[in-house]
1. Tell me whether segment 25-36 contains one or more residues that are in contact with a strand residue (DSSP E or B) (Cβ under 8 Å, 6 or more places away or on another chain), loosely packed, with under 14 Cβ neighbours inside 10 Å and closer than 30 Å to residue 203 by Cα.
2. Since residue 66 meets every condition but one in (1) crowded, with 16+ Cβ neighbours inside 10 Å; (2) in contact (Cβ under 8 Å) with a residue 40 or more places away in the chain, which condition does it not meet?
3. State which residue is modelled with the highest pLDDT when the search covers only segment 213-222 and only residues that are closer than 20 Å to residue 314 by Cβ and assigned to a loop (DSSP other than H, G, I, E, B).
4. Please go through segment 280-313 and pick out each residue that is closer than 24 Å to residue 246 by Cβ and touching a helix residue (DSSP H, G or I) at 6+ places or on another chain (Cβ under 8 Å).
5. Determine which member of the set 120, 74 is crowded, with 16+ Cβ neighbours inside 10 Å and without any contact (Cβ under 8 Å) to a residue 60 or more places away in the chain.
6. Quick check on segment 245-260: of everything there that is over 12 Å from the mean Cα position of the chain (by Cα) and free of Cβ contacts under 8 Å to residues at least 40 places away in the same chain, which residue is surrounded by the most Cβ atoms within 10 Å (Cβ to Cβ)?
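The values are calculated or read from the model by the stated rules, or taken from the named source; none is laboratory data. All figures in this text were calculated on a predicted structure; none of them were measured in a lab. All Cβ positions, glycine included, derive from the backbone under ideal geometry; neighbour counts span all protein chains shown.
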């Protein structure tokens, strides 16, 4: 990394955060970004007793809760996507809390308990009022969990902040959500981004991507999982079954203009599976994708044929 780069790492929103800026930039620009991330976390977390999201959850079945524009706008977007019933579900909270995957209390729940939670994760029971910015979960026991979308929303907010401060070039890395601003310091201005090998430890690469300023979001089964009797249970749940999504995918990476869209489409594409997911992304303007299967195959959308480079010889590129 060039000596003129300003770079810091932090920990917030449950992940390691890496922020980098190129001249002209100051330490205060990094600090402002970190403060923004913490402010958003204070509003949106479900891992503390107090936040706007927790106030909504605690009032489930009782009354609507008025929230800030920041929270309301994200909830409204999450609600709209959830109602498509294509694998993304903002009301997944009771299921996440039951399994606890990614936390020390992770466990394989009793099937009867899983079945009970299915009645509490219906996004049709989320009621929004745009006029007064209130959110009401109609059934007691319901809980919003925006973990599948919040990092992208926050990354986009940091980018907007930096642009408002007159900054031209930088990298926002929120642990799986990478957002590139402006041009890189390579002569061609393109960024080189490593794509994680889902079968290996962090920073061991499957391939590399050359790209302009875009968002790169990866969701996969390799970082948060529970292993019981030799079987792995990952953290991406199927709202129809209450169990982790069952298909042959190990990870999906979405390349998009905004990070929130990367969050949404990684979830939708992962749920759809390799063949249907690839076809789905091909139909979306301004989106590209990299799909990786558990048996070490990789597939890409047509727009990446010149910019994605497979680095691991153990993998085979396929055309599903």
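1. For segment 25-36, residues in contact with a strand residue (DSSP E or B) (Cβ under 8 Å, 6 or more places away or on another chain), loosely packed, with under 14 Cβ neighbours inside 10 Å and closer than 30 Å to residue 203 by Cα: present.
2. (1) is the only condition that residue 66 fails.
3. 221
4. Once the filter is applied, which keeps residues that are closer than 24 Å to residue 246 by Cβ and touching a helix residue (DSSP H, G or I) at 6+ places or on another chain (Cβ under 8 Å), segment 280-313 yields 280, 281, 282, 289, 290, 291, 293, 299, 301.
5. 120
6. 247
Yes/no per residue for (1) touching a helix residue (DSSP H, G or I) at 6+ places or on another chain (Cβ under 8 Å); (2) closer than 25 Å to residue 180 by Cα:
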| position | (1), (2) |
| --- | --- |
| 14 | no, yes |
| 30 | no, yes |
| 50 | no, no |
| 113 | yes, no |
| 117 | yes, no |
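Yes/no matrix, rows are residues, columns are (1) farther than 22 Å from residue 95 by Cβ; (2) in the same structural domain as residue 273 (by TED's automatic domain parsing); (3) modelled with pLDDT under 95:
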{"site": "157", "(1), (2), (3)": "yes, no, no"}
{"site": "162", "(1), (2), (3)": "yes, no, no"}
{"site": "200", "(1), (2), (3)": "yes, yes, yes"}
{"site": "211", "(1), (2), (3)": "yes, yes, no"}
{"site": "249", "(1), (2), (3)": "no, yes, no"}
